[in-house]
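The values are calculated or read from the model by the stated rules, or taken from the named source; none is laboratory data. In this text, all values refer to a predicted model and were calculated from it rather than measured experimentally. Here Cβ is always computed from backbone atoms with ideal geometry, including for glycine, and neighbour counts include all displayed protein chains.
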Amino acid sequence: MRGVTFLGNRQAEIREFPDPQAGPGEAVLKVRASGLCGTDLHRYRGSDPTDMITGHEPCGVVEELGPGSPSGIKIGDRVICHHYQGCGVCEICAMGYEQVCPNGRITYGGGTGHGANADYILVPSRTLVHLDPELSFEEGAAISCGTGTAWNGLKKMDISGRDIVAVFGQGPVGASGTLSAKAMGARVIAIDVVPERLALAKELGADHIINPQAVNPVEAIRELTSGLGASASLETSGNPIARQQALESIRSFGRSCYVGIGSPAEIDFNRDVIFKVATIFGSWTFSKSELIEIERFFVDTKAPLNKLITNRYSLDQAVQAFQDFDTSTTGKCVIVMD
Ligand SMILES: [Zn+2]
Ligand SMILES: [Zn+2]
């Protein structure tokens, strides 16, 4: 089968790999969609090559099932993979948060296990959840990391129609935050330095857009909120300045959630946390049960998840897909297979 690896320094390559076979408790999926996610770019841009197949947003159809797989999963089922494997038995794994397992973890498509930028992917059967019939494979791929990550950060802050949320960064995760916060009823201020991404944010429902290269975003947010600041902020860019501003731009008793991976930032704890009586959340993707909850949210609200996906590629076009995504001007890029 074909699989996509990174050679280091912004080079991707399509290579031949042996077809996987399902052992006990394992499933082989025929990949139907595999999303590109911001964290891929950190490794794509890095100098180290990877021998593992990339792609940590796997969505497809069950092709083969090993003995001992859960009885609820059948060959031919449309599924999303919760792409982590922890020890499977500790308290945190039992919560469905295998990515946080203290006993070590495999991330499928994240460098420690083969991912979904391939014809097939081999994963533990217990990592699979059903893909709702109303969602497409590419929507399932988006939910399985980037979109789900934004959604769950908003859930942690309990976002509702009483909120005005500042979403820092409008890449695929931030754009998902804009879309999701709107569907939760909030007003949304979208912040990014890339005009194409601000245009997409508008299309996804952002009430206001701010380009920090044109104005100071903290001041602009205050102007839009009667001088108070946003009631909540979601930081998706990982940029150290945005990390500061996400806290600086919330009002007293506001909350901020951090999901963007990036560089350390200095925080003025007196001004922005203590005297503001602020609440700070960290969030890393979501649990397996939340993956199902996120699917149901998009089915129930009919929030236009498909609008998020701006670029589609065949597996043979994977090198181009990473080149395009690396420009940091696109919406969600997805590799789609027949
Ligand atoms: Zn564990
Ligand atoms: Zn991701």
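Tabulated data for the structure shown
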| read-out | value |
| --- | --- |
| Candidate set: region 78-107, residues that are part of a loop (DSSP other than H, G, I, E, B) and within 19 Å of the chain's Cα centre (by Cα); chosen: the one nearest to ligand 2 (Cβ to nearest atom) | H83 |
| Criterion: β-branched (V, I, T) and under 15 Å from M157 (Cα atoms) - qualifying residue of I267, I280 | I280 |
| Within region 113-133, tally of residues that are among the acidic types (D, E) and more than 26 Å from L234 (Cβ to Cβ) | 1 |
| Some residue of region 126-141 being within 16 Å of ligand 1 (Cβ to nearest atom) and closer than 20 Å to P58 by Cα | yes |
| Qualifying positions in region 285-335 - surrounded by 20 or more Cβ atoms within 10 Å (Cβ to Cβ), closer than 18 Å to C59 by Cβ and β-branched (V, I, T) | T285, I294, I309, V334, I335 |
| Number of the exception - I121 against (1) within 18 Å of the chain's Cα centre (by Cα); (2) surrounded by 24 or more Cβ atoms within 10 Å (Cβ to Cβ) | (1) |
| Within region 108-195, helices (runs of 4 or more DSSP H) holding 2 or more residues that are away from ligand 2 (no atom under 16 Å from the Cβ) | 148-156, 172-183 |
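Conditions (1) within 25 Å of the chain's Cα centre (by Cα); (2) in contact (Cβ under 8 Å) with a residue 40 or more places away in the chain; (3) surrounded by fewer than 15 Cβ atoms within 10 Å (Cβ to Cβ), marked per residue:
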{"residue": "I14", "(1), (2), (3)": "yes, yes, no"}
{"residue": "P20", "(1), (2), (3)": "no, yes, no"}
{"residue": "V31", "(1), (2), (3)": "yes, yes, no"}
{"residue": "G38", "(1), (2), (3)": "yes, yes, no"}
{"residue": "C59", "(1), (2), (3)": "yes, yes, no"}
{"residue": "E64", "(1), (2), (3)": "no, yes, no"}
{"residue": "I73", "(1), (2), (3)": "yes, yes, no"}
{"residue": "G76", "(1), (2), (3)": "no, no, yes"}
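Yes/no per residue for (1) within 19 Å of A186 (Cβ to Cβ); (2) in a helix (DSSP H, G or I); (3) at pLDDT 95 or above; (4) out of contact with any helix residue (DSSP H, G or I) (no Cβ under 7 Å at 6 or more places or on another chain):
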position: L234; (1), (2), (3), (4): yes, no, yes, no
position: I241; (1), (2), (3), (4): no, yes, yes, yes
position: Q244; (1), (2), (3), (4): no, yes, yes, yes
position: L247; (1), (2), (3), (4): yes, yes, yes, no
position: R255; (1), (2), (3), (4): yes, no, yes, yes
position: R271; (1), (2), (3), (4): no, yes, yes, yes
position: V277; (1), (2), (3), (4): no, no, yes, yes
